[in-house]
Amino acid sequence: MSLRLRDVAVARGGVPVLSGVNLRVEPGNTLILRGPNGAGKTTLLRTIAGLQPPLTGRIAGAEDTVAYAGHADGLKAMLSVAENLSFWARIYGQHDIGAALDAYHLTQLQDRLAGSLSAGQKRRAGLARLLVTGRPLWVMDEPTVSLDREAVGWFADCLRAHLAGGGMAVIATHIDLGLEATVFDITDLRAAPTELLGASDEAFL
Ligand SMILES: Nc1ncnc2c1ncn2[C@@H]1O[C@H](COP(=O)(O)OP(=O)(O)OP(=O)(O)O)[C@@H](O)[C@H]1O
C-alpha cells in the first residue's frame, strides 16, 4: 500500500507550520524531505508517524504500517541493547532481533546497557529498532546524525534492502545517501501566519 498525503496542514505548539502538503510514496521508494532549519520537516514526519494529528487534510497508508525514528534513539538506558531490541520487537508482534544486530554490527555490544553506549552506537541501536518492527513504512528524522562513514554505509545498505523488499521510506536528511530518491522540498509550503490555535494536540512534545 502507498503512503498518500492530501492537502495536509500541520502545526507545532499550536502554531500552523505547513499547509497544502500533497505527496505520495509507492512501495520500493524513498522520499527525502528538504527545507531549511525550522521549515517543518520534523513536524511533518511526526504527523505522518501518528504522534500528532494533521490540522486538516488526509493521510492514508500510514496507520499500522509506520515505524518512526526521530531525534531521540528510543532506547531505555537501563536495558541492554538486546533487551531494547527485543522489547521493540515484541511491541510489534515480532521476535527475531538477530538480523538487526548483524545489520548494524551490534552483536558484540548486545549485552551492554544502552545508556553506556557512545552517541553513534546508540544511533545504530536506535536505527536497528526499525528492522525489528517488521513495518513497511520507515519515517526517519536525520537518521545519520552521530554515525561515522562506515555506519552510514550500513544504514544505506539496510534501507536499500528494505526498499528492495517493497518497503517505503520518508527521510529528513541533509546528506546524500547515494540512493535513488524523490526530493520533496517543503520550503514553499510554509503556512500563512495566524493566531495561536490554542491548546496543542501533540501527544509528545
Ligand atoms: N515543541 C515545540 N513547541 C513550539 N514550537 C515548536 C516546537 N518544536 C518546534 N517548534 C517550531 O515549529 C517550527 C517547525 O519546526 P520543525 O522542528 O518541524 O522544523 P525542521 O524543519 O525539522 O527544523 P530543523 O531542520 O532545524 O530540524 C519551527 O518554527 C520551530 O521553532
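Here, each number is a calculation from the coordinates, and none is a lab measurement. Source: prediction; values computed, not measured. Counting neighbours? That spans all protein chains shown, and the Cβs are built from the backbone with ideal geometry, glycine included.
Working note: Karplus 6.51/-1.76/1.60 with θ = phi - 60° gives the range 5-11 the couplings 10, 10, 6, 7, 10, 10, 10 Hz, where Gly and Pro are set to x.
Cβ neighbours within 10 Å, averaged per peptide: list 28-35, 89-96 in order, most packed at the top.
28-35, 89-96
Under 5 Å between amide hydrogens, built in the peptide plane, is the criterion, and for Ala11 it picks out Val17, Leu55 among residues at least 5 positions away or on other chains.
Springs between Cα atoms under 10 Å define the GNM used for the chain, and in it the highest mean-square fluctuation of Glu150, Glu63, Glu180 occurs at Glu150. Put +1 on the Cβ of every Lys and Arg and -1 on every Asp and Glu Cβ in the range 88-184; which of Thr182, Met140, Ile91 then has its Cα farthest towards the positive end of the dipole? The residue sitting most towards the positive pole is Ile91. Dipole of the range 1-80 computed with +1 at Lys/Arg Cβ and -1 at Asp/Glu Cβ about the Cα centre; of Tyr68, Thr47, Val21, farthest Cα towards the positive end is Val21.
Within the chain, antiparallel bridges make up roughly 45 percent of the DSSP beta bridges whose residues both belong there. Modelled label positions at Asp7 and Val183, each set 7 Å beyond Cα in the direction of Cβ, lie 3.0 nm from each other. Residues whose amide H lies under 5 Å from that of Phe184, counting only those 5 or more places away or on a different chain, are Ile32, Leu33, Arg34; hydrogens are built 1.01 Å from N in the peptide plane.
Phi-derived couplings, Karplus 6.51 cos²θ - 1.76 cosθ + 1.60 at θ = phi - 60°, listed residue by residue for the range 53-70: x, x, 5, 8, x, 10, 10, 10, x, 9, 4, 6, 10, 8, 10, 10, 10, x Hz, with x used for Gly and Pro.
The separation of the range 113-162 from the range 67-107, counted between C-alpha centres, amounts to 10 Å. From a point 7 Å beyond the Cα of Thr56 in the direction of its Cβ, which residues of the range 1-21 have a backbone N at a distance under 19 Å? Counting only backbone N, you get 5-21.
Could you tell me the calculated FRET efficiency between Lys76 and Ile175, based on Cβ-Cβ distance and R0 = 25 angstrom, to the nearest 0.05? Intermediate values should be presented prior to the final figure.
Working: r = 28 Å, r/R0 = 1.13.
Result of the calculation: an efficiency of 0.35.
Computed from backbone phi with θ = phi - 60° and the Karplus coefficients 6.51, -1.76 and 1.60, the 3J(HN,Hα) list for the range 125-140 is 5, x, 6, 4, 4, 4, 5, 7, 6, x, 7, x, 10, 9, 10, 9 Hz; x is used for glycine and proline.
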